[in-house]
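Accompanying notes for the structure given below.
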Amino acid sequence: MGYKVVVAGATGNVGREMLNILAEREFPVDEIAVLASRRSLGTEVSFGDKTLKTQDLATFDFTGWDIALFAIGSDATKEYAPKAAAAGCVVIDNSSLYRYDPDVPLVVPEVNADAVLGYAKKNIIANPNCSTAQMVVALKPLHDRAKIKRVVVSTYQSVSGSGKEGMDELWDQTKAVYNPVTEVPPKKYPKQIAFNVIPHIDVFMEDGSTKEEWKMVAETKKIVDPSIKVTATCVRVPVFVGHAESINIETEDFLDEDEARDILREAPGIMVVDKREDGGYVTPVECVGDFATFISRIRQDSTIDNGLNFWCVSDNLRKGAALNAVQIAEVLGQKVLKKG
């Protein structure tokens, strides 16, 4: 006996990826429903070797369904997640709406799988921000060994993090550079993204940080350890898929780079590719379509007593969104629902 699963936002980048990953990982699905807004009603999406037609999210009855994977943004989630939860369907939400709610677990299965058990207060589990998800997978095993005091992270985030509009804008502006007859002014982004980098993701906050940077701080504390100090600079780069991060950590206990490399090699969800030679590291282009979070360039930071630097790359549509949501569903099934 398997699960009755709903994917809300099935026509978007993340929703389609959720369907791909459910099929790839052979999640025990008895029945599946794909939902979208009224304007996308009837759009066909793929699930394994099946083609499914989207139903109307606004009129869908969640009664009798086990798990709903939401990829519909905060505004729609605010309206429909409580309805699904009240109907007895556990919502795994990819938006930022519930991440900071103390009654909603924020889960990365390799890091804090047991937090799933707290789902029952609201029948909702939150998926973290894409840039946080890949970082905490790498931080947790190092924190367990040497206790991380401080993290300094700079991100290089792909345009797929902004959805289809971001990807289209990069594509159209890139073409326009080679065909100067066409002009494609910025719409999704505040400045040109083609052949450029933009140190601005989400809205600005009073202290000068952006909300994306604030998310990384708050979510790392909630998922890993509230005592960790985090400072982030989040940058949008002209890459279609795959987020990269330059991470510097300071630990309480000394951690040798070779031991750190060994720890990360053994850690769940991580693949270490770290050769000190040309091309001996992973870039965003190479991580697309992969489940792993890749770690490269591990080296001691000689400017502090207990410091390490490393490079972290992952497919943001997968580990940063859809894969993590499906992994949460798997943990929920194993620990709580116990079907399939």
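Basic side chains Lys and Arg get +1 at the Cβ, acidic Asp and Glu get -1 at the Cβ, and with that the dipole of the stretch 240-316 about its Cα centre reaches some 340 debye.
Charges were assigned to the Cβ only: +1 to each Lys and Arg, -1 to each Asp and Glu. The resulting dipole of the chain about its Cα centre is roughly 760 debye. Amide H to amide H, with H built 1.01 Å from N, M271 comes under 5 Å of T293, F294, I295, counting only residues 5 or more places away or on other chains.
Atom-type composition of the exposed protein surface of the chain places 49 percent of the accessible area on carbon and sulfur (1.4 angstrom probe). If you take the square roots of the eigenvalues of the alpha-carbon gyration tensor of the stretch 194-313 and sort them as a ≥ b ≥ c, do you get rounded (a/c under 1.5), prolate (a/b over b/c) or oblate? Verdict is oblate for the stretch 194-313.
Backbone geometry of the stretch 43-50 corresponds, through the Karplus equation with coefficients 6.51, -1.76 and 1.60 at θ = phi - 60°, to 3J(HN,Hα) couplings of 4, 8, 10, 9, 9, x, 9, 9 Hz, x marking Gly and Pro. Over all pairs of different C-alpha atoms, the stretch 243-340 has a mean inverse distance whose reciprocal, the Kirkwood radius, equals 15.0 Å.
Taking all protein chains as shown and a probe of 1.4 angstrom, I228 keeps an accessible surface of around 0 Å². Taking Lys and Arg as +1 and Asp and Glu as -1, the other residues whose beta-carbon sits under 13 Å from that of F27 total -3. The Kirkwood radius of the stretch 66-224, taken over pairs of alpha-carbon atoms, gives through the Stokes-Einstein law at 25 °C and 0.890 mPa s a diffusion coefficient of 138 µm² s⁻¹. Solvent exposure of the stretch 77-208 amounts to 47 Å² per residue of accessible area, where only protein heavy atoms count and the probe is 1.4 Å. Percent of Cα pairs in the stretch 12-76 per distance bin of 5 Å, from zero to the largest separation: 4, 15, 28, 28, 19, 5, 0.
Residues whose amide H comes within less than 5 Å of that of K229, counting only those at least five positions distant or on another chain, are R150, V151 (H built at 1.01 Å from N in the peptide plane).
Computed 3J(HN,Hα) for the stretch 109-126, one whole-Hz value per residue from the Karplus formula 6.51 cos²θ - 1.76 cosθ + 1.60 where θ = phi - 60°, is x, 5, 10, 9, 4, 5, 4, 3, 4, x, 5, 5, 4, 10, 6, 9, 10, 9, glycine and proline marked x. In the chain, helical runs assigned H by DSSP with n ≥ 4 each contribute -39500 (n - 2.57); averaged across all residues and rounded to the nearest 500, the mean residue ellipticity at 222 nm is -9000 deg cm²/dmol. Take every Cα pair under 8 Å whose residues are at least 6 apart in sequence, average their separation, divide by the length of the chain, and the relative contact order is 19 percent.
Contact order for the stretch 125-271, expressed relative to its length and based on alpha carbon pairs under 8 Å spaced 6+ residues apart, stands at 40 percent. Annotation for the stretch 256-317: trypsin sites (Lys or Arg not before Pro) lying in DSSP loop with at most 12 further Cβ atoms inside 10 Å of their Cβ are K275, R276. Note on the chain: with a GNM built from Cα contacts shorter than 10 Å, the maximum mean-square fluctuation among A71, A232, A244 falls on A232. Look at the alpha carbon pairs under 8 Å that are at least 6 residues apart: their mean separation over the length of the stretch 204-280 gives a relative contact order of 16 percent.
With just the Cα atoms defining each centre, how far is the stretch 11-25 from the stretch 146-216? Give it in Å. Centre-to-centre (Cα) distance: 24 Å. For the chain, the square roots of the Cα gyration tensor eigenvalues, ordered a ≥ b ≥ c, give a/c of at least 1.5 with a/b no greater than b/c, which places it in the oblate category.
Quick check: convex hull of the Cα atoms in the stretch 56-142, volume per residue, rounded to a whole Å³? Working shown, then result.
On the way: hull volume 7.8 nm³, N = 87.
Hull volume over Cα atoms, normalised by residue count, gives 90 Å³.
The values are calculated or read from the model by the stated rules, or taken from the named source; none is laboratory data. Since we're looking at a predicted model, the values are computed, not measured. Cβ atoms come from the backbone with ideal geometry, glycine included; neighbour counts cover every protein chain shown. Remember, those area values only see protein heavy atoms, side chains included, never the ligands or the DNA or RNA. Shrake-Rupley method; radii C 1.70, N 1.55, O 1.52, S 1.80 Å.
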